[in-house]
Amino acid sequence: MLSKRIIPCLDVRDGRTTKGIRFKDNIDVGDPVQMARYYYEQGADEIVFYDITASSDRREIMIEVVRQVAREIFIPFAVGGGIRSLEDMRAVLLAGAEKISVNSAAVKNPEIIAHGAQAFGSQCIVLGMDVKRVPVSDKIPSGYEIVINGGRTPMGLDALWWAQEAVRLGAGEICLNSIDADGTQTGYELTLTKLISEAVPIPVIASGGAGVPEHLYDVFSQAHADAALIASMVHFGTYTIAAIKQHLQAKGIKMRLLW
């Protein structure tokens with residue numbers, strides 16, 4: 001059995017880590033480079049950085065932050081936000097990241113997934129999916145719709161179809177974020193996570209809603225996620241990564257421990 005992964009998520013705006021609820025009312029929570037180092041030392045398995053306004057503001061990617069992080073941590077990390085081309089992907093990888101997360105750009109130009117996988121390998125390409133629950137319809141038969149530009153623009157795409165299409169194009173992993181659960185600390189969207197996890201042959205990272213270690217147990221044991229993103233529960237000092245892993249290990253979820 002493979003170990004489940006715990007992945008702190010740092011949403012970055014103007015060079016600072018922020019945290020909001022359902023993509024709104026973001027507050028400053030610290031320096032992303034210092035926070036990355038702190039989580040690395042605590043035992044994070046990976047780290048994800050999202051430049052949360054790069055796509056909506058049409059800005060370039062945060063290469064300098066990537067370079068600084070690469071000097072401080074020695075675990076895989078992914079970078080998303082503002083990545084629109086193979087050149088952007090190459091720049092992020094050369095700056096030290098192991099993975100690239102594409103979200104809005106992939107919806108607008110799906111071939112970027114295929115081109116990235118061909119150029120750098122599927123293992124480098126993470127599809128970020130921001131998903132909102134909507135009424136079931138002919139257009140959205142799963143009841144979950146893809147939303148882009150930091151939760152601002154609904155696209156009329158069915159989330160289940162898009163996940164399977166991304167696999168066909170060459171994505172190596174999916175980071176599945178529930179907008180409805182994001183920042184609420186009331187638990188992951190288990191129905192959505194299970195739906196996607198059981199429909200695709202690649203790892204699925206659950207995102208949005210973690211508040212207590214039991215929420216991670218639920219998403220691993222009930223929804224079959226391969227990894228879980230966390231933010232609020234560690235950003236505000238409520239839990240440490242070590243404490244979360246100890247809780248999960250004690251309940252039979254295999255973890256990579258530092259001791």
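No value in this document is a laboratory result; all are computed from the given coordinates. Because the structure is a prediction, the values reported are computed rather than measured. Note that each Cβ is placed from the backbone with ideal geometry, even for glycine, and that neighbours are counted across all protein chains shown.
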Any idea how far the Cα center of region 195-249 sits from the one of region 31-46, in Å?
17 Å
Return P(r) of region 206-259 (all Cα-Cα pairs; 10 Å bins starting at 0; whole %; ordered from short to long distances).
25, 60, 15
Averaged across orientations, what area in nm² does the convex hull of the alpha carbons in region 5-250 project?
11.5 nm²
Go ahead and collect, in residue order, the members of region 64-81 whose backbone nitrogen is under 11 Å from a label point 7 Å along the Cα-Cβ direction of Gln249.
none
Between Phe74 and Thr184, what is the FRET efficiency for a Förster distance of 30 Å, r being their Cβ-Cβ separation, to the nearest 0.05?
0.40
Once amide H atoms are placed 1.01 Å from N in the peptide plane, what residues at a sequence separation of 5 or more from Asp51, or on another chain, have their amide H within under 5 Å of its amide H?
Val12, Gly80, Gly81
Dipole of region 5-250, Cα-centred, from +1 at each Lys and Arg C-beta and -1 at each Asp and Glu C-beta, to the nearest 20 debye?
200 debye
Flagged as over-length at 29 Å C-alpha distance, from Lys108/Lys245; Lys108/Lys194; Lys4/Lys132; Lys139/Lys251; Lys99/Lys254; Lys4/Lys108, the pairs are Lys108/Lys245; Lys139/Lys251; Lys4/Lys108
Mind listing the long-range amide H neighbours of Asp180? Cut-off is under 5 Å, sequence gap 5 or more, other chains count too, H placed in the peptide plane at 1.01 Å from N.
Arg133
